[in-house]
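Report on the structure given below.
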Amino acid sequence: MKTITVAIALVTALAHLGAQQSPAEKLASIAVERHWPQWRGPHGTGVSKTATPPTEWSETKNIRWKIEVPGRGSATPVVWNDRLYLLTAIPTGAVGVAQHEALGGRPLVAHRYVVLAIDRGTGKTVWEHTAREEAPHEASHPQNGTWASPSAIVDGEHVIASFESRGIYAYDMSGKLVWQKDLGDKRMRSTFGEGSSPALFGNTLVVVWDHQGQSFVTALNKRTGEELWRRPRTEIDTWATPLVTPVNGKPQVIVPAMNKITSYDLATGDVVWESAGLTMNVIPSPVTDGTFAYLMSGFRGNSAKAIKLADAKGDITGTPAIAWSMDRDTPYVPSPLLYDGILYFLKTNNGLLTALDAKSGTPHYQAARLDAVPNVFASPVGAAGRVYIPGREGSTVVLKHGPKLEILAVNELNDGFDASPALVGGEIYLRGYKNLYCISEKK
């Protein structure tokens, strides 16, 4: 099992570095490829290289099962072997005591912050644990309305659930609590809510805590929750998941924000490089192909940058280490999809899709309108030569992966989608406002 755990890091690292894998590492890498262990998949790019999900579905076609999910959350499902893991926040009806004056004195309802383990074959709950029960200390964004936005991480040994201000919890695969960590309360500008998923690389869990108080990034021991290092940051609110990637054999933690993009040494927390930042409210998570890191945001402006990792040292602002940049059509909420050299992303939260040659930044097409998904918060995913883009109104557009825009299908369900899909085996898992769907071609 240790080999499989380490392989979560090795799958990306060895592929990027071109290293020679041992037979055991190859088997472990294949095992990780079969799963969706974090919210952007096995490589953190939004792509599964092994999944073969359907192209078409509806409420009466290719639905293996559909279950109502208690409470509300926009955390994506994560998958390991025959189980799926999901986070949700369930209101209890109890009213919180004297919530902040900044909220006009409005009390907030208490919630149970819940981790669910669900059988992939049947949709039945295998185990359920309440990590904490209390009223949140401040409101969430009115368009999101949830206190369960970060996605869980699973690695075959642990299920790690971050409810941010409500704590971080690590369970074993049977649901036994191994450790918990409380990093305090975040204070988000305009009570926009929380939603930054942590990142796991080997045995190190990285958490970014950017808010209106003292911001910081910290590394925790995955097995114990022990804090390995912490570095203060001069940033306001961000929601992006940090990108951990090896560069010349040493893992770096790349964290985008408004003032600076900063890369830290995973082992020590020391700054490796930094550059001028992106826009305000950085939400999209960075992606990498091992040569370049791609970062973008799109609130009150537009910014995208491609960083040549091997050349990035010190202050890289205005240097050739920034291979290309872009100042239009970038996303506010959805993260980009990096699929075989093509970088897909949406404009703001709209169904306006751009596809670039990732290496050069040259557009294949730009801000192409997808009429079926006018409002998109979920991040696009890719598998089997297709790109999947769910919308808030319940439709999912399926595109042919490639330099030309070609719509293969538009699939409608009686729900709406903010959570990003998970692609595993022959299934696509879609978490809606009300329901969780397992979509699979019926044999």
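For the range 36-75, taking the residues that are of a type in the set (D, E) and in a loop (DSSP other than H, G, I, E, B), the one that is nearest to V397 (Cα to Cα) is identified as E56. A count restricted to the range 144-164 and to residues that are acidic (D, E) and not in a loop (DSSP other than H, G, I, E, B) stands at 1. Taken together, the residues in the range 169-182 that are under 22 Å from the mean Cα position of the chain (by Cα), farther than 13 Å from R132 by Cβ and part of a loop (DSSP other than H, G, I, E, B) amount to 1.
Within the range 117-143, the residues that satisfy the criterion of being surrounded by 18 or more Cβ atoms within 10 Å (Cβ to Cβ) and either of a type in the set (S, T, Y) or modelled with pLDDT of 95 or more (or both) are A117, I118, R120, A131, S140. Out of everything in the range 205-236 that is acidic (D, E) and not in a strand (DSSP E or B), what residue ends up being surrounded by the fewest Cβ atoms within 10 Å (Cβ to Cβ)? Ranking the qualifying residues of the range 205-236, first place goes to E226.
One residue stands out among those in the range 376-386 that are assigned to a strand (DSSP E or B) and in contact with a Ser or Thr (Cβ under 7 Å, 6 or more places away or on another chain): the one that is surrounded by the most Cβ atoms within 10 Å (Cβ to Cβ), which is V381. Of the strands (runs of 3 or more DSSP E) entirely within the range 268-311, those holding at least 3 residues that are among the small types (G, A, S) occupy 303-308.
For the range 81-91, check the following and say yes or no: at least one residue is surrounded by 15 or more Cβ atoms within 10 Å (Cβ to Cβ) and modelled with pLDDT under 95. Checked the range 81-91: at least one residue is surrounded by 15 or more Cβ atoms within 10 Å (Cβ to Cβ) and modelled with pLDDT under 95.
Regarding V271, is this residue surrounded by fewer than 20 Cβ atoms within 10 Å (Cβ to Cβ), hydrophobic (A, V, I, L, M, F, W, C) and either touching a strand residue (DSSP E or B) at 6+ places or on another chain (Cβ under 6 Å) or at pLDDT 95 or above (or both)? Yes; evaluated as a whole, the condition is true for this residue. Contact annotation: residue pairs with Cβ atoms under 7 Å, 6 or more positions apart or on different chains, pairing a residue in the range 392-410 that is assigned by TED's automatic domain parsing to the domain that holds T362 with a partner that is among the basic types (K, R), are V398/R386; L399/R386; K400/R386; H401/R386; E406/K400; L408/R386; L408/K400. Give me the residue from the range 92-116 that is β-branched (V, I, T) and modelled with pLDDT of 65 or more and, out of that set, nearest to V424 (Cα to Cα). Among them, the one singled out is V115.
On the stretch given as the range 241-264, residues that are surrounded by 16 or more Cβ atoms within 10 Å (Cβ to Cβ) and either of a type in the set (D, E) or farther than 24 Å from Q212 by Cα (or both) total 6.
Screening D182 against (1) out of contact with any Gly (no Cβ under 7 Å at 6 or more places or on another chain); (2) over 20 Å from L278 (Cα atoms); (3) of a type outside the set (A, V, I, L, M) leaves a single unmet condition, (1). Remark: pairs (first residue in the range 302-314, in contact (Cβ under 8 Å) with a residue 60 or more places away in the chain; second residue in a strand (DSSP E or B) and of a type in the set (G, A, S); Cβ separation under 9 Å; 6+ apart in sequence or on different chains) = L309/S263; L309/A293; A312/S263; A312/S275; A312/A293.
The set of residues in the range 32-41 that are at pLDDT 95 or above and within 19 Å of D340 (Cβ to Cβ) comprises W36, R40, G41.
Among the residues of the range 148-172, those identified as in contact with a helix residue (DSSP H, G or I) (Cβ under 9 Å, 6 or more places away or on another chain) and within 16 Å of W209 (Cβ to Cβ) are S149, P150. For the range 314-340, a residue qualifies if it is closer than 16 Å to T262 by Cβ and either touching a strand residue (DSSP E or B) at 6+ places or on another chain (Cβ under 8 Å) or loosely packed, with under 14 Cβ neighbours inside 10 Å (or both), and the qualifying residues are G314, D315, I316, T317, A321, I322. Determine if the range 42-57 includes at least one residue that is modelled with pLDDT under 95 and either among the β-branched types (V, I, T) or under 21 Å from F192 (Cα atoms) (or both). No - not one qualifying residue is present in the range 42-57.
Taken over the range 351-375, the criterion of being outside any strand (DSSP E or B), of a type in the set (A, V, I, L, M, F, W, C) and over 19 Å from T55 (Cα atoms) is satisfied by A358 alone.
The values are calculated or read from the model by the stated rules, or taken from the named source; none is laboratory data. As the structure is a prediction and not an experimental result, all values here were calculated from the model. Don't worry about glycine lacking a Cβ; one is built from the backbone with ideal geometry, like all the others, and counts go over all protein chains shown.
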